[in-house]
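The values are calculated or read from the model by the stated rules, or taken from the named source; none is laboratory data. What you see is a predicted model; the values in this text were computed from it and never measured. We place every Cβ from the backbone using ideal geometry, glycine too, and count neighbours over all the protein chains shown. Quick note on the areas: whole protein, heavy atoms, side chains included, nothing else; ligands and nucleic acids left out. Shrake-Rupley method; radii C 1.70, N 1.55, O 1.52, S 1.80 Å.
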2 protein chains.
Amino acid sequence: MRASGFVGEVSEKEPIRLTDEQRLDWLRLIRSENVGPRTFRALINHFGGARAALGALPALARRGGSAAAPTVYSREEAEREIESSRKLGVRFVAIGEADYPPRLQMIDDPPPLIALRGQGAALTLPLVAIVGSRNASAAGVKLTQRLAQGLCQAGFGIVSGLARGIDAAAHRASLETGTVAVLAGGHDRVYPPEHVDLLEAILPAGAALSEMPLGWEPRARDFPRRNRLISGLSLGVVIVEAAKRSGSLITARLALEQGREVFAVPGSPLDPRAEGTNGLIKQGATPVTEAADIIAVLRPIMGLELPAREPEREAVEPAEIAEPAPDERTRIVALLSPTPVSIDDLVRLSHSSPRVVRMVLLELEIAGRLERHGGGLVSLL
Amino acid sequence: MRASGFVGEVSEKEPIRLTDEQRLDWLRLIRSENVGPRTFRALINHFGGARAALGALPALARRGGSAAAPTVYSREEAEREIESSRKLGVRFVAIGEADYPPRLQMIDDPPPLIALRGQGAALTLPLVAIVGSRNASAAGVKLTQRLAQGLCQAGFGIVSGLARGIDAAAHRASLETGTVAVLAGGHDRVYPPEHVDLLEAILPAGAALSEMPLGWEPRARDFPRRNRLISGLSLGVVIVEAAKRSGSLITARLALEQGREVFAVPGSPLDPRAEGTNGLIKQGATPVTEAADIIAVLRPIMGLELPAREPEREAVEPAEIAEPAPDERTRIVALLSPTPVSIDDLVRLSHSSPRVVRMVLLELEIAGRLERHGGGLVSLL
C-alpha cells in the first residue's frame, strides 16, 4: 500500500530525519487550504509523501465537489516562512524526528510540524501543565508558584500558555528549570503583547512552541486548538483557578481525552474562581493542595516506556491516485451527514474497500466539505 | 442458648416495648461500672435479660480477677435519674423500641438506652449530619446555612453536636424542619453553656439526645464517643470546615467505619480551616459545594429498607451462669494481651467453646480488665 523509498532505514524506535526539501514539502502541505493535522496524516499515509500529496490536492478537491482549486501554500511562501523563522531563532521539527516531544506524538491529532524556539532539551523533561484563570487571585498566584517550584525541584518541567494570571505565574516560577510556552498564534505574534519580555526570559532554559504560521494573529478559536498541545505535551494538567466555562476547563477535557492526568486545586464554594476546579474534582480530577499530590500520581507513570508510534513515512516517488468509481463516491457521500459517523461504519455500509472510502473522504476534506473528529469519526460540513 | 419468656411476642420487624421495671433494670445495667454498650449487649445476650445480668455482676467481677466488687447502679439511683429526667422532659428509649432511631441500631456499639428530649418525630426524618470547626469562618457559616437549608427543603433533618461555629449554624438553619443535637454530657449539662438558648429553640420541632447520665459534665474523651452517635444517626456526614487533627475528622472516620457517606466542603489550600476537608476529599470523600451534591448521593439510599436488627431480648427469669473450668479461664486469659485479637481466634486457639470464651471475656470486662473494640476484637487493659 505504501510507496517504497522511505526516508533512511527507520526502525520503529529510531527517529526519522527529513531532508530540507522534504521539510519544505511538509510545511507546504500543512499550510495548504483544508489540510489540518488529521488530513495531513491521511494524505501522507495515502500518497506516501508530502510531495505526492501536494500534487494530488487540485484533483482531490475537484473530485470532492469543490468548484475552485484549493489554495496550495507555494514553495516561495514556505521558503520565506522557513527563512523568517530561522532569523527569529525558530526551527521546524517534524513528527517522528528526534526533537519532537515524545508524548505529543501520541495524541490523536499531533501537528506534523512544530515551530520551536529556545531549548529543545526543555521538551525532554517530564512535563506538567499548569493553567488557570487570567484573572487570578493573589492566593491563586501564590499556590501556582508553590506547585511549580515543588514540581521543578522534583525534576519536572512546566508547560503553560503564556496567558496573564496563573499561566504567567507558572512560567515565572519555573524559568530556571525549564518551562514551555505554547503559543496560539505565530512566534512573531506573542499574546498577550506585554508578555514578550516573559517569553524572552523563558527561552534561555525553556522553549516556545507553535503550530501556526509566522504572522498568525491568534483568534478565539485558536486557543482551544492550542490547548490540546499544552495537555498533549504533558503527563498531567493542573488547573489552579478556573471559573465555569473557562478555557482551562477545555484544557482539562482535552487532557482527559488524551489520557492525561487531570489535577485541580480546590477552593471555597463561595469563590467563583473555584467553581471550575471544584467541578473538576466532583467529576473525578485529583484534588491538589501541594506538589506532592501531583508527584505521587505522576512518578509511577513517568518511567513508563511510551508505546512507539510509527513515524509518518516520506516517499521519494509520488504514489498513484486510486480513483473511486463514480457510483462508489456517490454511495459513500450519501452515507454522510452533519452527524459524525465512524469510518469503519462507512466502510461496512458502503461495501467499498477501506482504501476507496479513505480516498473519498480525502477528496471531500480537501474540497472543504468534510470535518474529521477524534476517534475516527467524520461528518459533512 | 437463650432463656425463654421474651418480652411480648416480638417478630424481627415489630418493635419491642420494655415494661417500666425492665427499663429500670436496663438503666441500672448500662450505668454500672465497666458496662459499656458492647458489654451490655454481651451481658443481655448471655443472661437473657438485664435483671439476671445485674445479679451476675459481682460474681463475674470476682471470677474476672477483680478484688473489689463492681459499683452497680442502685435501684434508687436509677429511679432518681428517671424521675429527674422526666421533670426535664427527657425520656429513655431502649434499642428495639419504636422511637429508637433505626439507623443508630445498626452501628457496632449502639447505646442500649438513649435519653431523648423534644420531638421523637425529628429522629424519623432522613438525617444528615453537618459538623465542622468551632472556630468557623464567616464563609463557613454561610455555606453551612446554605447546605442545611437546601437539605431541609429536600426533606432531610440535620444532626449536629451543638458546638460553636459550624454545628450551631447547622442547627440554626434547620430549626423549623427539625434538627437533632447530640450531647456529649447529660441533658442538664449543656455544652457550651451559652447554647442553652439554642437548645431550647431546637426542641419545639427537633430533639436532643444523650447516652450519658444526668449530671454528667462532658470531658474531652466524651466527644469522640458522642461523635459516633452523630454519624450513626445519619445517612451521611458533611464536614464543612476542619483543621488537621480536629474532632470533625474523627466524626468522618467513624462515619466511614459505620458505612455512612462522607461529604466534605473544599477550600483553598492556603486556608488552614480547609486542610481537614481537602484531606478528606483526597481520601475519597464526596466534594460538596451545594446541597444538591449531597442529595444526589443520599436520595438513592434513603428509600432502602434497613436490614432488620434482632432486638435485644428481655428474659423474665434469670439465666444460669455457665462457669468455665479454672484451667480453661487460665488458658483463655493467657491468649490475651494489650494487642487486640478477634474473639473467633480466641475460640480457635483456646479449644474452648464460644460460650465459655464469651463468659470469660465478660468476667474480665466486668472486672475492668478487658476492652472491646469494633469488629469483634478484644484486648487486655
**OP:** For A:R228, state whether it is over 22 Å from B:T277 (Cα atoms), open to solvent by 10 Å² or more (accessible area, probe 1.4 Å) and either more than 14 Å from chain B (Cβ to nearest Cβ) or assigned to a helix (DSSP H, G or I) (or both).
**Re:** yes
Original post:
So which of B:R189, B:R221 ends up being over 29 Å from B:A292 (Cα atoms), buried (at least 17 other Cβ atoms within 10 Å of the Cβ) and either within 14 Å of chain A (Cβ to nearest Cβ) or not hydroxyl-bearing (S, T, Y) (or both)?
Top reply: B:R189
**OP:** Being more than 7 Å from every other protein chain (Cβ to nearest Cβ) and either more than 27 Å from the chain's Cα centre (by Cα) or open to solvent by less than 10 Å² (accessible area, probe 1.4 Å) (or both) is the filter here, so list the residues in the range A:261-273 that pass it.
**Re:** A:F263, A:A264, A:D271, A:P272, A:R273
Subject >> Matching residues, the range A:62-86, being modelled with pLDDT under 90 and under 25 Å from the mean Cα position of the chain (by Cα) >> reply: A:P70
**OP:** Identify all residues within the range B:269-306 that are outside any helix (DSSP H, G or I), under 20 Å from B:Q145 (Cβ atoms) and in contact with a Leu (Cβ under 8 Å, 6 or more places away or on another chain); write none if there are none.
**Re:** B:V288, B:E290
Subject >> Positions within the range B:274-295 being of a type in the set (G, A, S), open to solvent by 30 Å² or more (accessible area, probe 1.4 Å) and either within 26 Å of the chain's Cα centre (by Cα) or within 10 Å of chain A (Cβ to nearest Cβ) (or both), in sequence order >> reply: B:G284
**OP:** Would you be able to say whether some residue in the range A:201-210 is part of a helix (DSSP H, G or I) and either modelled with pLDDT of 95 or more or in contact with a helix residue (DSSP H, G or I) (Cβ under 9 Å, 6 or more places away or on another chain) (or both)?
**Re:** yes
Subject >> Unmet criterion (only one of (1) within 14 Å of chain A (Cβ to nearest Cβ); (2) polar (S, T, N, Q); (3) not in a helix (DSSP H, G or I)) for B:T177 >> reply: (1)
Subject >> Residue selected from the range B:24-61 under the condition basic (K, R) and under 16 Å from B:R358 (Cα atoms), by the criterion surrounded by the most Cβ atoms within 10 Å (Cβ to Cβ) >> reply: B:R38
**OP:** Could you run through the range A:220-268 and say how many residues are of a type in the set (F, W, Y) and out of contact with any helix residue (DSSP H, G or I) (no Cβ under 6 Å at 6 or more places or on another chain)?
**Re:** 0
Original post:
Which members of the range A:78-89 meet the condition of being open to solvent by less than 10 Å² (accessible area, probe 1.4 Å) and either within 12 Å of A:W26 (Cα to Cα) or touching a Ser or Thr at 6+ places or on another chain (Cβ under 8 Å) (or both)?
Top reply: A:A78
Subject >> Scope the range A:362-379; condition out of contact with any Gly (no Cβ under 9 Å at 6 or more places or on another chain) and open to solvent by less than 40 Å² (accessible area, probe 1.4 Å); matching residues >> reply: A:G374, A:G376, A:V378, A:S379
